[in-house]
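Q: Below you'll find the structure I mean.
The values are calculated or read from the model by the stated rules, or taken from the named source; none is laboratory data. Because the structure is a prediction, the values reported are computed rather than measured. In this analysis, Cβ positions are derived from the backbone assuming ideal geometry, glycine residues included, and neighbour counts consider all displayed protein chains.
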Amino acid sequence: MIIHPDRVLEERQEGRPLVLKRILRREDHGPNLSVTWVRLTGHHDRIVNSGSDRAYYIIEGSARFQVGDDSPVEAVSAGDFVFIPHDTPYEFEGEMTYVVMNGPAFRPGSDRVLPSAL
């Protein structure tokens, strides 16, 4: 299967500074993997997901991530990966375009929002 991202509709996420293109979706492609293209301009909530491990690949731009409660805030930029094990709280902010991959696939409602640490 070939998926052309330029043919996938953009969605604005309510209450967050995100524009999304859901490339691989649980309901269309199965329960094992989801992939979403995202453009961020600002701060993303501190969240934890108990259902999936996540990998972020930064396509362009830069941001600051905090992964885990006691971890330092670290800078990322184009070409970097960020791995978030399930059950690990994290948050980030910046201006970047990235791809986030979830395994197993993202399930709506699986993110729990936490108080911000940044």
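Q: What number of residues within region 63-113 satisfy the criterion of being of a type in the set (A, V, I, L, M) and modelled with pLDDT under 95?
A: 1
Q: Considering region 59-69 alone, what residues qualify as being more than 19 Å from residue 33 (Cβ to Cβ) and in a strand (DSSP E or B)?
A: Of region 59-69, the ones more than 19 Å from residue 33 (Cβ to Cβ) are 60-69.
If the condition is that a residue be more than 19 Å from residue 33 (Cβ to Cβ) and in a strand (DSSP E or B), then 60, 61, 62, 63, 64, 65, 66, 67 are the ones that fit.
Q: Next question. Residue check: is residue 20 of a type outside the set (D, E, K, R) and either assigned to a strand (DSSP E or B) or surrounded by 15 or more Cβ atoms within 10 Å (Cβ to Cβ) (or both)?
A: Numbers: of a type outside the set (D, E, K, R): yes; either assigned to a strand (DSSP E or B) or surrounded by 15 or more Cβ atoms within 10 Å (Cβ to Cβ) (or both): yes.
Yes.
Q: Moving on to the next point. Does region 16-32 hold any residues that are in contact with a strand residue (DSSP E or B) (Cβ under 8 Å, 6 or more places away or on another chain) and either farther than 15 Å from residue 101 by Cα or not β-branched (Val, Ile, Thr) (or both), and which are they? Can you show your working first?
A: Taking region 16-32 first, the residues in contact with a strand residue (DSSP E or B) (Cβ under 8 Å, 6 or more places away or on another chain) are 16-26, 32.
Across region 16-32, the qualifying residues are 16, 17, 18, 19, 20, 21, 22, 24, 25, 26, 32.
Q: Does residue 46 fit the bill of being surrounded by 16 or more Cβ atoms within 10 Å (Cβ to Cβ), in contact with a Lys or Arg (Cβ under 7 Å, 6 or more places away or on another chain) and modelled with pLDDT of 95 or more?
A: Answer is no for this residue.
Q: I'd like to verify a number: residues in region 49-79 that are without any contact (Cβ under 8 Å) to a residue 24 or more places away in the chain, buried (at least 16 other Cβ atoms within 10 Å of the Cβ) and closer than 16 Å to residue 98 by Cα, how many?
A: The number of residues fulfilling the criteria is 1.
Q: Could I ask something else about it? Go through (1) of a type in the set (A, V, I, L, M); (2) surrounded by 12 or more Cβ atoms within 10 Å (Cβ to Cβ); (3) closer than 21 Å to residue 103 by Cβ and name the single condition residue 1 misses.
A: Every condition holds for residue 1 apart from (2).
Q: Then there's this: If residue 107 meets every condition in (1) within 20 Å of residue 17 (Cβ to Cβ); (2) of a type in the set (D, E, K, R); (3) in contact with a Gly (Cβ under 8 Å, 6 or more places away or on another chain) apart from one, which number is that one?
A: For residue 107, the failing item is (1).
Q: Name the pairs: first residue in region 81-100 and touching a residue at least 60 places away in the same chain (Cβ under 8 Å), second residue β-branched (Val, Ile, Thr) and crowded, with 19+ Cβ neighbours inside 10 Å, Cβ to Cβ under 6 Å, at least 6 apart or on different chains?
A: 98/38; 98/58; 100/36
Q: Right, here's the next one. Could you give every pair whose Cβ atoms fall below 6 Å, whose first residue belongs to region 105-116 and is in contact (Cβ under 8 Å) with a residue 40 or more places away in the chain, and whose second residue is of a type in the set (Phe, Trp, Tyr), counting only separations of at least 6 or pairs across chains?
A: none
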